[in-house]
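Q: Before we start, here is the structure in question, set down as C-alpha cells.
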Amino acid sequence: MQQTEKPINQITEGVIWKQLLYFFFPILLGTFFQQLYNTADAMVVGRFVGKEALACVGGSSSQIINLIVGFFIGLSSGATVIIAQYYGGRCEKELQDTLHTAMAFSIIGSVVISILGITLSPMILRMMNTPEYLMKDSLLYLRFYFGGILFVFIYNIGSGILRAVGDSKGPLYFLIFCCFCNIFLDLLLVMVFRMGVMGVALGTLISQALSSLLVLRSLMRTRDIYRLELRKIRLHSAPLSMLLKIGLPAGLQSTMYNLANMVIQAALNSFGTDTMAAWTAFGKVDSFYWMISSAFGVAITTFVGQNYGAGKIDRMKKSVRVCFCMDLATALTLSALMYLFLGKFLLSLFTTDAEVLSIGVRIMQIIVPAYAPFVFIEIFSGALRGAGNVLIPMLLTCGGICVTRILWIFFFVPSHRAVETIIFSYPGSWVLTAILFVLYFTWYARKHWNHTASGESL
C-alpha cells in the first residue's frame, strides 16, 4: 500500500483520555442538534398548524423515514471504518478509492430510494393504517422527503468521512447552522406564507441541501489525503465489496432495532393512553443517556479504526479501556441521579397527570439501573467495528437484544400481562447481550490483538 508522510495525528499520537473527550463532545453536541433538527418540523406544525398536521409529520411518515435513513446510516458506517483505518495507516490510494466509491454509492442509492419512495409511498402509508383524512398531507411530506434524500445521504456519508479522519467539529458546525436554518424556514413558510405541511417539507429539503453542500465543500477544499474530487466519483469493486461487508450488518442491525421497538410500542399501546403517555415522557428523558452513550460508541470506533490502521495495537487496547471507564462512570452517575433524585422531576416536565407520572416512575426504576450493562455492548461493539469485525457483533446484538425482545413480547408477556413485564425486556436483553459481548470480546482480543507496543500515555 502506498503511504505518505503525515502531520501529527492526535488520535494516534496524543494523550488518549484527552483526545477521546476532545473527539467525544462535538459528537455529543451533534447528536443533540440532530434531534432538534428532526423535531423542529413536528414542533412547528403541532403549534401553528394543528394536530392533524402533527400526525402527518410525526406519525407514519416519521417511522418510514427512520427505518430507511437508519438503514443507510448503518450501511455507510462501513465507509467510515475503512477510511479511518486507511487514514491511520496513511494509505492514500486505498483511501481515495474508498472515499469516491462511498460518494458514488450514496448518489446511486439515493436515486433508487427516491424513485421507490415516491412511487410506493401511498401503498406503504396504507399498509401502516394511516387514516384517509391524513393521507394527502402525509403523502406530500413523505414525497418531499424522498425527493431530497440525496442531500440526506451525502451529508451522512460526508460527515462520517470527516469523523473517520478525526474531524468531529466540522459536522457539528454544519449541523448547527442547518438546524437553525430549518427552524427559521419552518417558521417563515408556515407562519408567514401559510404553506402548512408543504412549507415544513420545503424548509427541511432546503436545509438538507445546505448541509450536504457544506460537507462537500469541506471535503473538496482540504489539502489532506481525503480530498474529494467530483471527476473521480465512481464505484471501485474492491472498496465497494469492503463497504458492503462492513456496512450491511450495521444497516440490518438498525432495521432490527426499529422492528423490535415497533413490536414493544404495539404491546404498550394496548394498556391505554396513560401508559402510552408515560412511555413517551420517559423516552424523552431516556434519550439524554443514549446521546452520551452513542457518542462514546462513535468515538471508540474512530479511535480503534485509526490506531488499528496505524498498527498501534497497544494504544488501541488502551483507548478501549479508557473509553469504557468513561462511559461506565457516566452510566452509573446518571442511573443513580435518575433513580434516586431526579426521576419524577424530569418526568413532570412533560406531564402533570398523577397516573402517568406513577407509570413513568415505575418504567424508569426498571430501565435506568441497566444502563451500566449496556456499556459493554456499546464500547465493545464499537471497538470491534473499528477493527473491521462487524458480522459477529451484529449477530450478537440482533439476537441478544432484538430477537430476545420480540420473543419475550410474543411468548412471555401474554401469560404475565403487565406494563412492567414488557419493560423488563429492555434490561433483560441488555444483561444477556452484555454477557455475550464480554465472552466474545475477551476471546477475540486475546486471539487477534496480541501485539504489544511501547507504552502510551493514558
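The values are calculated or read from the model by the stated rules, or taken from the named source; none is laboratory data. Given the structure is predicted, the values throughout are model-derived calculations rather than measurements. Positions of Cβ are backbone-derived with ideal geometry, glycine not excepted, and every protein chain shown enters the neighbour counts.
Q: Within the stretch 253-296, can you find the residues that are over 30 Å from I392 (Cα atoms) and touching a residue at least 24 places away in the same chain (Cβ under 8 Å)? Break it down stepwise before answering.
A: From the stretch 253-296, those over 30 Å from I392 (Cα atoms) are 268-282, 284-285; that's our starting set.
Matches in the stretch 253-296: L268, F271, D274, T275, A277, A278, W279, T280, A281, F282, K284, V285.
Q: Only one of A281, A277, A310 is under 25 Å from F32 (Cβ atoms) and surrounded by 20 or more Cβ atoms within 10 Å (Cβ to Cβ). Can you tell me which?
A: None of the others qualify; the one that does is A281.
Q: Okay, moving on. Can you find, within the stretch 320-362, the residue that is nearest to L28 (Cα to Cα) among those that are part of a helix (DSSP H, G or I) and in contact with an Asp or Glu (Cβ under 8 Å, 6 or more places away or on another chain)? It would help to see each step written out before you state the result.
A: Narrowing the stretch 320-362 to residues part of a helix (DSSP H, G or I): 320-348, 354-362.
Retained after the next criterion (residues that are in contact with an Asp or Glu (Cβ under 8 Å, 6 or more places away or on another chain)): 327, 355-356, 359, 362.
Numbers: D327: 13, E355: 33, V356: 30, I359: 29, R362: 28 Å.
Out of the qualifying residues, it is D327.
Q: What pairs can you find where one residue is in the stretch 298-312 and under 16 Å from E13 (Cβ atoms) and hydrophobic (A, V, I, L, M, F, W, C), the other is part of a loop (DSSP other than H, G, I, E, B) and modelled with pLDDT under 90, and their Cβ atoms are less than 9 Å apart, with a gap of 6+ or different chains?
A: Here the result reads V304/A387; A310/N9; A310/G89; A310/R90, each pair linking the stretch 298-312 to a residue that is part of a loop (DSSP other than H, G, I, E, B) and modelled with pLDDT under 90.
Q: Could I ask something else about it? May I ask you to say which residue of I377, I392, I359 is touching a helix residue (DSSP H, G or I) at 6+ places or on another chain (Cβ under 9 Å), closer than 30 Å to G272 by Cβ and assigned by TED's automatic domain parsing to the domain that holds S319? Can you show your working first?
A: Details: I377 fails: closer than 30 Å to G272 by Cβ; I392 fails: closer than 30 Å to G272 by Cβ.
After ruling out the rest, the residue left standing is I359.
Q: Can you name the number of the only condition in (1) closer than 21 Å to G203 by Cα; (2) without any contact (Cβ under 8 Å) to a residue 24 or more places away in the chain that M123 fails?
A: (1)
Q: Moving on to the next point. Can you give me the number of residues within the stretch 184-200 that are touching an Asp or Glu at 6+ places or on another chain (Cβ under 8 Å) and either assigned to a loop (DSSP other than H, G, I, E, B) or among the small types (G, A, S) (or both)?
A: Matching residues across the stretch 184-200 total 2.
Q: Here's another thing I want to ask about it. What single numbered condition from (1) closer than 18 Å to G160 by Cα; (2) surrounded by fewer than 19 Cβ atoms within 10 Å (Cβ to Cβ) fails to hold for A238?
A: Unmet condition: (1).
Q: For the stretch 206-228, give me each residue that is more than 19 Å from Q85 (Cβ to Cβ) and in contact with a helix residue (DSSP H, G or I) (Cβ under 7 Å, 6 or more places away or on another chain). Spell out the reasoning first.
A: Pass one, the stretch 206-228, residues more than 19 Å from Q85 (Cβ to Cβ): 206-218, 220-221, 223.
Passing the criteria: I206, S207, Q208, A209, L210, S211, S212, L214, V215, L216, S218.
Q: Here's a follow-up. Look at Q253 and say whether it is assigned to a helix (DSSP H, G or I), in the same structural domain as R385 (by TED's automatic domain parsing) and crowded, with 21+ Cβ neighbours inside 10 Å. Quick ask: steps written out before the conclusion?
A: On the way: assigned to a helix (DSSP H, G or I): yes; in the same structural domain as R385 (by TED's automatic domain parsing): no; crowded, with 21+ Cβ neighbours inside 10 Å: yes.
No.
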